[in-house]
Every structure is written in structure tokens, then in C-alpha cells.
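Participant: Below is one structure. I have some questions about it.
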Amino acid sequence: MPTFLQQLHVDWPAASERAATEALRSLALAELSPARDGEALPPGVLGTVCLKEVMQERGRAGGYDPNLDKCLVTEDLLCALAELQEAVRHGPGDGPPGLAEAADADAGGCMVVHVVSCEEEFQQQKLDLLWWKLDEQAPLTQKHLVCGPVKAAGAPGALTAPEYYELRHAQVCKASARKRGRELARDPAWTEVVRVLSVATIKFEMLSTAPQSQLLLALAGGSISTKGTKSGTFVMYNCARLATLFEGYKHSTEQGRYPTFPPVSSLNFSLLQDEGEWLLLFNGVLPFPDVLSQTAALACAAPGLHATARTETMCKFLVQLSMDFSSYYNRIHILGVSTQQRGGCLQGCKGSKGRDQQAPSLLQEPRPHLFGQMFARLQLLRAVREVLHAGLAMLGLPPLNHI
């Protein structure tokens with residue numbers, strides 16, 4: 001699993017050093033209940049610990065499984081606990097939003113969130129309580145973020161995490177080769193683009209569903225497309241379109257076709273009268289700080305064992321913003337040009353080779369009386385680009401400049 005997380009650029013604590021495990025082993029041996037006369041412990045088991053006593057001592061029975069009683073302490077369990085200690089020791093100093101308001105947070109604001117599948121929740125609660133039993137420095141606040149089951153429709157058998165990544169990566173490679181040609185698909189720079197698109201596909205697929213809900217992966221006959229409005233590749237595609245737009249403006253400015261961008265305070269935003277511009281502003285740019293806060297905040301202030309997260313909020317927001325931008329981009333020509341180009345091709349059309357409608361052309365002539373509107377639109381789209389980049393950064397994804 002750590003290898004899979006590394007492929008997705010998710011930080012994961014390194015395996016604990018043996019010394020840390022040995023220290024826990026010594027503490028565990030001092031706390032273990034001796035085996036009854038004639039009772040043999042299972043292979044690999046060091047002994048047992050009564051967890052109900054721990055809950056009573058801590059006054060934390062609320063939220064824990066009532067069937068928790070004795071815990072069989074094994075070397076693997078101690079190794080997992082050592083990893084938790086290592087993660088806390090080297091974790092970031094600032095906690096997530098909402099942590100300081102947690103009803104039972106430590107004075108230092110330290111809290112551990114156990115992200116665990118519903119199938120493993122019982123075992124993770126044991127680890128939680130064992131940590132309190134063996135380590136006086138264990139964080140007082142421990143919450144459990146329980147994720148629903150993941151079902152793979154169309155898979156011939158059980159699908160491992162690395163197999164899932166390879167499947168999606170192969171689909172992105174196939175789509176890339178079909179669209180760009182096999183020679184380009186083998187280019188090292190394009191290889192990195194494909195890797196980022198594969199990670200974006202997986203992250204949006206997994207995070208667009210509320211963590212506590214069941215996630216159904218559609219694998220049979222699956223294909224990846226930048227035009228699919230439900231995927232991470234669609235969001236990345238529109239980030240690339242914005243990058244192309246601003247690169248085109250920069251290039252034209254260097255050629256003297258457009259003046260340099262004026263101070264923002266001098267822009268006339270009353271020229272933004274298209275409905276699509278209002279959608280981008282009021283449904284995308286303005287509400288983004290609240291969406292960011294809602295997504296980043298863990299619901300930890302409520303008493304009890306469990307926490308909730310709303311990862312789907314950011315994913316759905318970015319997809320909707322990309323849909324609004326794509327509709328606007330396809331309909332409105334941002335850069336001020338003549339209404340008719342040589343050869344009878346109206347503004348906003350694509351050439352025979354599918355050239356982007358916003359790309360600069362030597363056949364296009366600037367229209368100075370439209371510069372005010374062009375600058376107001378560019379400033380709006382700068383804000384849209386910043387929102388997309390910030391949202392992707394929260395998901396651990398870099399924006400792409402081309403696809």
C-alpha cells in the first residue's frame with residue numbers, strides 16, 4: 001500500500017526503526033496479562049491486554065465497539081503502533097482546521113485521525129486503545145474516519161491497489177496514443193503528463209464519493225477521455241486550456257499586437273455582461289474560500305470517536321467550475337480579434353486540424369475598442385485559474401500547462 005500511495009504523491013510515514021518497536025515490546029511485556037495455567041498462546045502472540053479497563057480509565061467508552069475486550073498483542077501490532085508514533089513525532093506542527101476546537105483536544109492541539117476501512121475499524125480501535133495503554137505520551141485526542149467499502153464492477157477477481165493504478169494508467173496511455181499518436185505518447189515529457197493524468201483520474205474517482213459511502217469502481221470497458229465531464233482529466237484539460245490562453249496573450253503582447261496588462265484598479269468590470277461570466281464569478285470565484293474551508297475541516301469538535309470529512313465537496317466544485325468555464329470558453333472569444341478571418345472562418349471557429357479557438361493567429365487583427373472587455377475577461381479568468389490551481393493543490397495535484 002505505501003508504494004501505491006507514493007504513486008499518488010501521498011505522504012506516508014517510513015517504516016519504524018527496530019529500536020522503536022523494541023521499546024514498545026518492553027512496555028507491552030510489562031503490561032501483558034499472564035496466560036492461565038495450561039493455556040497456550042497462539043503463535044506470534046506475546047500476551048493479552050484488557051481494553052475495557054483502558055476505556056474505563058480514560059472514560060472513553062462512547063463510540064467504541066462494545067465487544068472490545070481483550071487484545072492479543074503481536075509483533076505486527078506493535079510495529080503498526082510504532083509507525084503511528086513515528087508519524088506523530090515527525091508530523092506537521094499545524095493541525096487541520098477545526099482541530100483546536102475539538103472538545104477533547106490536547107493542549108498542544110495534537111490529534112490523530114485513523115483513516116480506516118469499515119472492515120478494519122474494529123482492529124483499529126484496538127490499536128487506538130493499546131496506544132493509550134503503552135504510551136503515556138499518546139495523543140489524548142484520537143478520532144476515526146471510517147471509509148465505506150470499495151467495490152470493483154467488472155473485475156474478474158479481487159483487485160489490488162497497484163493493479164487498480166496500472167489499469168487506470170494503461171487506459172490513460174491508450175487514450176493518449178489514440179489522440180496524439182504513439183510516437184508522442186512515448187516522449188519523456190508526455191510520459192509525465194500521462195502520469196499526472198492517471199493520478200488525477202484516480203483521486204477524483206475515489207474522492208468524489210463521500211468517504212463513508214460505498215465506492216463503486218466501473219472497470220469493465222472503461223475508457224478515459226478529457227471530454228468526460230465527470231473526471232479529473234476534464235479538470236486538468238481545462239487548466240491546460242487556461243494556460244494556453246494566457247500563453248497566447250503573452251506571446252501576442254511580446255509581438256506588439258496587444259498592450260501590456262493595465263492595473264487591475266483601472267479595469268472596467270461592468271463590461272462583463274455575459275451570463276457565463278456571472279456564473280464563473282458567483283458560482284466559482286466568490287464561494288471558493290468557503291468550499292476550501294468546508295473541505296479542509298474535519299468534523300472533530302463533536303464529542304465521540306468518529307470524525308467526518310467532505311472530500312467530495314472540492315471534487316464536485318472543481319468539476320462544475322470546469323464545466324462552466326468550458327462552456328464559456330467554447331462560446332466566447334476572449335482575446336479581442338476581428339469578427340471575420342481571412343478565408344471565411346468566423347471568430348471562435350476551429351481550423352481543419354482542430355486548432356484551439358483561443359490560439360493566436362497571424363490572420364487575426366486586434367480590435368482596440370474591445371481591449372477593455374478583453375482585459376476584464378482575462379482578469380476574471382486569472383481568478384478562475386487561481387481557484388482551479390488552489391483546489392488541485394489541496395488534492396495533491398499539479399496543474400498541467402498542456403495536454
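The values are calculated or read from the model by the stated rules, or taken from the named source; none is laboratory data. Bear in mind that the values here come from a model prediction, so they are computed numbers and not experimental data. Cβ placement follows ideal geometry from the backbone for every residue including glycine, while neighbour counts extend to all protein chains displayed. Surface accessibility is based on the protein's heavy atoms, side chains included, excluding ligands, DNA and RNA. Shrake-Rupley method; radii C 1.70, N 1.55, O 1.52, S 1.80 Å.
Participant: Does A138 fit the bill of being open to solvent by less than 40 Å² (accessible area, probe 1.4 Å), assigned to a loop (DSSP other than H, G, I, E, B) and not polar (S, T, N, Q)?
Facilitator: Criteria met by A138.
Participant: Further question on the same structure: Show the residue pairs meeting these rules: Cβ distance below 7 Å; 6+ apart or different chains; first residue within the stretch 312-325 and within 13 Å of F234 (Cβ to Cβ); second residue open to solvent by 30 Å² or more (accessible area, probe 1.4 Å) and part of a helix (DSSP H, G or I).
Facilitator: That search, which allows pairs on different chains as well, returns C315/L207; D324/L279; D324/N283.
Per-residue answers, yes or no, for (1) farther than 30 Å from S117 by Cα; (2) modelled with pLDDT of 95 or more; (3) assigned by the TED database to the domain that holds R241; (4) out of contact with any Leu (no Cβ under 7 Å at 6 or more places or on another chain):
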position	(1), (2), (3), (4)
C300	no, no, yes, no
G304	no, no, yes, yes
A307	no, no, yes, no
T311	no, no, yes, no
F317	no, yes, yes, yes
D324	yes, yes, yes, no
N330	yes, no, yes, yes
Q341	yes, no, no, no
G348	yes, no, no, yes
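Participant: A follow-up question, please. Residues in the stretch 120-156 that are over 25 Å from V10 (Cβ atoms), assigned by the TED database to the domain that holds L77 and free of Cβ contacts under 8 Å to residues at least 40 places away in the same chain: how many?
Facilitator: Residues flagged as over 25 Å from V10 (Cβ atoms), assigned by the TED database to the domain that holds L77 and free of Cβ contacts under 8 Å to residues at least 40 places away in the same chain within the stretch 120-156 amount to 3.
Participant: Scan the stretch 27-41 and tell me whether some residue there is at pLDDT 75 or above and either on the phi > 0 side of the Ramachandran plot or polar (S, T, N, Q) (or both).
Facilitator: For the stretch 27-41, residues at pLDDT 75 or above and either on the phi > 0 side of the Ramachandran plot or polar (S, T, N, Q) (or both): absent.
Participant: Of the conditions (1) open to solvent by 60 Å² or more (accessible area, probe 1.4 Å); (2) polar (S, T, N, Q); (3) in contact with a strand residue (DSSP E or B) (Cβ under 6 Å, 6 or more places away or on another chain), Q123 satisfies every one except a single condition; which number is it?
Facilitator: Single failed check for Q123: (3).
Participant: Considering (1) in contact with a Pro (Cβ under 6 Å, 6 or more places away or on another chain); (2) part of a helix (DSSP H, G or I), say which one R257 fails and leave the rest.
Facilitator: Of everything listed in (1) in contact with a Pro (Cβ under 6 Å, 6 or more places away or on another chain); (2) part of a helix (DSSP H, G or I), R257 misses just condition (2).
Participant: Ok, one more. Among the numbered criteria (1) at pLDDT 80 or above; (2) open to solvent by 60 Å² or more (accessible area, probe 1.4 Å), which one does R186 miss?
Facilitator: R186 satisfies all of (1) at pLDDT 80 or above; (2) open to solvent by 60 Å² or more (accessible area, probe 1.4 Å) except (1).
Participant: When residues of the stretch 188-214 are filtered for being closer than 23 Å to T295 by Cβ, assigned to a helix (DSSP H, G or I) and among the aliphatic types (A, V, I, L, M), how many remain?
Facilitator: 7
Participant: What pairs come out if I take residues in the stretch 268-292 that are in the same structural domain as F317 (by the TED database) and in contact (Cβ under 8 Å) with a residue 24 or more places away in the chain and pair them with residues that are part of a loop (DSSP other than H, G, I, E, B) and surrounded by fewer than 17 Cβ atoms within 10 Å (Cβ to Cβ) whose C-beta lies under 6 Å away, six or more apart or interchain?
Facilitator: So the pair list comes out empty.
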